[in-house]
1. What is the antiparallel percent of DSSP beta bridges lying wholly in the range 479-691, to the nearest 5?
2. Taking θ as phi - 60°, what are the ³J(HN,Hα) couplings along the range 383-397 by the Karplus curve (6.51, -1.76, 1.60), each to the nearest whole Hz, with x for Gly and Pro?
3. What order do you get for 278-284, 190-196, 215-221, 410-416 when each peptide is scored by the mean count of other beta carbon atoms within 10 Å, highest first?
4. Would you kindly derive the ³J(HN,Hα) couplings of the range 338-346 from the backbone phi angles with the Karplus curve 6.51 cos²θ - 1.76 cosθ + 1.60 (θ = phi - 60°), listing them in order in whole Hz, with x for Gly and Pro?
5. Just the Cα atoms of the chain, one point each, no solvent: what log10 I(q)/I(0) does Debye give at q = 0.05, 0.07, 0.09 Å⁻¹?
6. What are the equivalent ellipsoid semi-axes of the range 616-676, built from the alpha-carbon gyration tensor (square roots of five times its eigenvalues), in whole angstrom, biggest first?
7. Under 17 Å between alpha carbons, and skipping anything fewer than 8 positions from Lys365 in its own chain: which aspartates and glutamates qualify?
8. In the chain, which cysteines lack any other cysteine Cβ under 4.7 Å from their own?
Amino acid sequence: MISLFQEPGPEVPELEDLPVFEDLPNHIANIFHPEGWLVKHMGLEFRPQQAEMAGAVADSFVNGSGLLFEAGTGVGKSLAYLIPGILSAVECKRPFVVSSHTIALQEQILKKDIPFCRDFFSKVPELERFADFQSALLVGKANYLCPNRLRAAIRAKTELFPTDEQAELHRIAQWAEKTEHGMRQELNPAPAHSIWTMVNADSSTCNRKRCNPEHCHYQRAKKAIQDANVLILNHSLLFALIGAGAQPGGKTPGVLYPRDYVVLDEAHRVPAIATENFGMDVSSYGLDFALKQLFNPKRGRGFLIRVSSLRDCEMVEKAIAAADLFFEDVQDVYLSQRSVVRLRESPGGELEVLHPLFDLIQRLKVLADNQSSERIIEELKDHKDRLLSYYQQIHQFWALEQKDHVHWLEASGKHGSITHLRTAPIDVAPYLKKHLFERDTSVVLASATLSISGEMKAFQKRTGAEELETQMRDSPFNFRENVRAFVAEDAPDIDARGDKSSLHHFLKENIVHFAGSIQGGSLVLFTSYRDMYAVAEMLEGEPGLLDRPLFVQGREFARMEMLRRFQSAGNGILLGTDSFWTGVDVPGPALSQVIITRLPFENPTHPIAEARQEWISEQGGMPFFEMTVPDAVIQFRQGIGRLIRKWDDRGVLTLLDSRMLRKSYGIHFLDALPVPYFSFHTSNLPDIAALGI
């Protein structure tokens, strides 16, 4: 349940036509100038690409228009949109929303860029009045501790919690006395999900009437949001909120808030994340957990123990059994042989097996109507609404009601024991157009990788942004002097039986040679876990790499901890898949080489990809060239972009997929390289050490 925006956000003037900061372009010209205020007061080096981007963003804000801006690594795009955005927000009293994909960029904006802007404004007499701008981070309500709910859980602990859960409650209570923000992420180790659900702010009982901002972390955070000029969140939350109906109503302009304007950085991820969040995901685990919060038959505990009768607990038990039976049938019929199965036709039927769940929902409404405690009434209504949402979504899925969505069943968990009913829009462009570009406000999408062979047409079509202005600026870094690129001529193809042994040996030999030939660290990017683990096993104990620590995604460490250790090692070898193609920022010699093992083509058999291919074909298009190649090129550009992160970085790009040279589409990947490439054959491997990189 997403409820961050149940109450008013930042206040804006009640005007038909909001004022715009007409003098913004002049201010930006004075700030981003070879002898301008940034150079004079902060000692920054002038970057013409950054100045041009800041000017384009300022024009977008003044004109209320949309903009797609590709800014290569090193342009300094965050300051190019933050400075005009903050100035406009303060001058016009309009919320400025900044959305990103990675935690790393959020932290950079919050801990580095925002303080920099405040310090900069305070040093320039003409900008001094902007220095007191307020900023806030937006996260989901469930991330915050609610002290009132914590106290209620502690009071009921003898009935609600067994001994181990009492200990977890006690630990949270101790942490609550000293936490600064009351956010789950501050508690280490992370709290048990079952207990945190009982004490977080994601409940109707955590409201302004009952929870004082002086004591409640969420209410305090919400007040900061209401007072903020600049609001920062991630793409997932942005689209989850939009999908939950958080946009301003009627004809009021704005994406999240009335009359706001928005920048989406790392915008290359927007289509995928929007597709996920404009769809649906109902899991057997989620429904089971929601029911067992009311009553857990095995433990004999739950919320209803305190507020109702044994008869009502028995109704929960019947609903649990009904849900188990439903999902077990789904597993048996559809998922016994495969973990992902597309549903093309409705199975039909009235889903009578779920009638006990509907009866329980009705009973919860009656229970709430008969309570005297307002807190208990609100808790019961929350439980009822959550279960009703599950019930309705299951029926919607079963009837295939959303005709423009692809529907599929998926098994997850260690033993495939969790069943998901999932949907996603086949074409996300109409959704993005409706919710971003037709909101009568300025929306800027920025990234280092939006184009393919110098054109943004594919990205524009994918996002419904055909009418937006597009601009591109290259990286100011000296790639020709600092980077060498090598492309293998003889990478083996996978044979008809799907045997990858020859490919794995080829990758192992080349990784040993190239990683062993440089002083710094190597990031090796894979497109499948199976290939990565097979090659990792072959690399362990390899004589040529014994002095280099090997890090493998999914092994010992979480992503951020593994990156930290890789950076500290200085000469490590890190093997990663999808999540490591983007968002990795390791400047200096610790990441001196990026090795790409295979071109990052999406799995064509996944239901989303399959449905999109069919849809493009029905329109008379060519799915491979209109969807598969463009998506892969963007991912490829992100991968090679991990190499050079600052002015004096040097390194090697090693590309072990000969399809770049053999296939007609390979030209698009070669065009993405920042430098000319050298081709090589395994029988004559290049002498990397002699290059002095």
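1. Details: 1 of 25 bridges.
If we restrict to bridges inside the range 479-691, about 5 percent are antiparallel.
2. Using θ = phi - 60°, the values come out as 4, 4, 5, 5, 5, 5, 4, 4, 4, 5, 5, 4, 5, 4, 4 Hz.
3. Working: 278-284: 19.1, 190-196: 15.3, 215-221: 21.4, 410-416: 13.6.
So the peptides 278-284, 190-196, 215-221, 410-416, ranked by packing, come out 215-221, 278-284, 190-196, 410-416.
4. 9, 8, 9, 9, 7, 9, 9, 10, 5
5. Debye intensities relative to I(0), on a log10 scale: -0.27, -0.55, -0.92.
6. Working: eigenvalues 156, 36, 12 Å².
Whole-Å semi-axes of the equivalent ellipsoid: 28, 13, 8.
7. By straight Cα distance, Lys365 reaches Asp312, Glu314, Glu374, Glu378, Glu379, Asp382, Asp385.
8. Isolated Cys, the chain: Cys92, Cys117, Cys313.
We did not get these values from a lab; they are worked out from the coordinates using the rules stated. Because the structure is a prediction, the values reported are computed rather than measured. Counting neighbours? That spans all protein chains shown, and the Cβs are built from the backbone with ideal geometry, glycine included.
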